[in-house]
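Visitor: Provided herewith is a single structure, encoded as C-alpha cells, for subsequent inquiry.
The values are calculated or read from the model by the stated rules, or taken from the named source; none is laboratory data. All values reported here derive from a predicted model rather than from experimental measurement. Here the Cβ positions follow ideal geometry from the backbone for every residue, glycine too, while neighbour counts run over all protein chains shown.
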C-alpha cells in the first residue's frame, strides 16, 4: 500500500506522535520523525519503526522556526526522496496560566510552536504535494480550541487557530487532490497530562464516557483521516464526548 512512500510526523518521538509513527510504519510508510527533546526516546521510536521493515530517521528541529523547518524538509527529501505523501503536525507545548497573569513569552512560545509550527511544515511541504498531486495532512488540534479552557488562553488560541488553518488549507489544496484534516483530542494519557489523574472525580464528571483517552484512540482517528480520500476540512473530536 505504502511502499516507497514517506510520512513526516512532528513531535514523533513520544506520546501521540510515537503511536502515529508506529501505526504508519506498520502500514509500510517510511518514517521521518521531527522532534526536540530526548534523543533516547527518538532513537527508541526509530528502532521500533525499523522493526516493521521500513526506513526511519529522526531530525532535530524547532518547528517554530521558518528556516529550520525549510532546512529539515530539504534534508528529508535528500534522505527519502520526493515521494512524501503524509504530514502529521503533532508537535505542541503548553505554558498554562491565568490570562491576567500570563507572561508575553508564554503566549508567544505556545503560539509559535503549536500554530506557526504547523504553518511552517505545511508551507514547506505544500509545493511537493502539489507537484505530486497527492498529499494527506492531519493537524492535531484540541477540544481546548473548540470550547476554551480556563488557564489555557494561549493553548486554546493556538489550537483554535489550527482549526482555521486546517480548513483554509483544505480549501486551497483540494483542487490538487490533497486533503487536510484535524483531530481534536480531549484528556489523553500523555506526558502533557501526567499531572492529571483519574482519581479526580470532578474531571471524570465532565467526560461522558467516564475515562481519559489513550494515545491509541487518537492515532486511530489520525489513521482514519489519512486513509480517507474524500474527507477534507474536517475536525474529528477524540474526547470521550466532552465537547459534544
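Visitor: Would you call residue 117 part of a loop (DSSP other than H, G, I, E, B), touching a residue at least 60 places away in the same chain (Cβ under 8 Å), crowded, with 19+ Cβ neighbours inside 10 Å and touching a strand residue (DSSP E or B) at 6+ places or on another chain (Cβ under 9 Å)?
Guide: On the way: part of a loop (DSSP other than H, G, I, E, B): no; touching a residue at least 60 places away in the same chain (Cβ under 8 Å): yes; crowded, with 19+ Cβ neighbours inside 10 Å: yes; touching a strand residue (DSSP E or B) at 6+ places or on another chain (Cβ under 9 Å): yes.
No, not satisfied.
Let's see how each residue does on (1) at pLDDT 95 or above; (2) part of a helix (DSSP H, G or I); (3) surrounded by fewer than 23 Cβ atoms within 10 Å (Cβ to Cβ):
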| site | (1), (2), (3) |
| --- | --- |
| 7 | yes, no, no |
| 13 | yes, no, no |
| 24 | yes, yes, no |
| 40 | yes, yes, yes |
| 44 | yes, yes, yes |
| 70 | yes, yes, yes |
| 86 | yes, no, no |
| 106 | yes, yes, yes |
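Visitor: If I ask for residues that are touching a residue at least 40 places away in the same chain (Cβ under 8 Å), closer than 19 Å to residue 223 by Cα and not in a loop (DSSP other than H, G, I, E, B), which ones from region 26-38 would you list?
Guide: 30, 32, 34
Visitor: Considering only residues that are out of contact with any strand residue (DSSP E or B) (no Cβ under 7 Å at 6 or more places or on another chain) and more than 15 Å from residue 136 (Cα to Cα), which ones fall in region 221-244?
Guide: 241, 242, 244
Visitor: Restricting the first residue to region 153-174 and requiring it to be at negative phi and without any contact (Cβ under 8 Å) to a residue 60 or more places away in the chain, which pairs with a second residue that is outside any helix (DSSP H, G or I) and surrounded by fewer than 19 Cβ atoms within 10 Å (Cβ to Cβ) meet a Cβ separation below 6 Å and a spacing of at least six or different chains?
Guide: As it stands, the answer is 153/99; 156/148; 156/149, since those pairs meet every condition given.
Visitor: Then there is this: Quick one: which of 173, 146 is surrounded by fewer than 21 Cβ atoms within 10 Å (Cβ to Cβ) and under 25 Å from residue 75 (Cα atoms)?
Guide: 173 is the lone residue from the list that is surrounded by fewer than 21 Cβ atoms within 10 Å (Cβ to Cβ) and under 25 Å from residue 75 (Cα atoms).
Visitor: Could you list all residues from region 46-57 that are farther than 15 Å from residue 15 by Cβ and either at pLDDT below 95 or surrounded by fewer than 24 Cβ atoms within 10 Å (Cβ to Cβ) (or both)?
Guide: 46, 47, 50, 51, 52, 53, 54, 55, 57
Visitor: Look through 92, 17 and report the one residue that is within 25 Å of residue 129 (Cα to Cα) and part of a loop (DSSP other than H, G, I, E, B).
Guide: None of the others qualify; the one that does is 92.
Visitor: I'd like the full set of residues that are farther than 20 Å from residue 17 by Cβ and part of a helix (DSSP H, G or I), limited to region 130-167.
Guide: 130, 131, 132, 146, 147, 153, 154, 156, 157, 160, 164, 167
Visitor: Continuing with this model, one more query. Only one of these conditions is not met by residue 163: (1) touching a helix residue (DSSP H, G or I) at 6+ places or on another chain (Cβ under 9 Å); (2) surrounded by fewer than 19 Cβ atoms within 10 Å (Cβ to Cβ); (3) at pLDDT 95 or above; (4) under 16 Å from residue 97 (Cβ atoms). Which number is it?
Guide: Unmet for residue 163, out of (1) touching a helix residue (DSSP H, G or I) at 6+ places or on another chain (Cβ under 9 Å); (2) surrounded by fewer than 19 Cβ atoms within 10 Å (Cβ to Cβ); (3) at pLDDT 95 or above; (4) under 16 Å from residue 97 (Cβ atoms): (4).
Visitor: What about residue 221, is it more than 28 Å from residue 97 (Cβ to Cβ), in a helix (DSSP H, G or I), at pLDDT 95 or above and under 15 Å from the mean Cα position of the chain (by Cα)?
Guide: So residue 221 fits the description; yes.
Visitor: Check region 202-217 and report whether any residue there is surrounded by 14 or more Cβ atoms within 10 Å (Cβ to Cβ), under 21 Å from residue 169 (Cβ atoms) and touching a residue at least 12 places away in the same chain (Cβ under 8 Å).
Guide: no
Visitor: Restricting to region 88-102, name every residue that is crowded, with 16+ Cβ neighbours inside 10 Å and in contact with a strand residue (DSSP E or B) (Cβ under 6 Å, 6 or more places away or on another chain).
Guide: 88, 89, 90, 91, listed by residue number.
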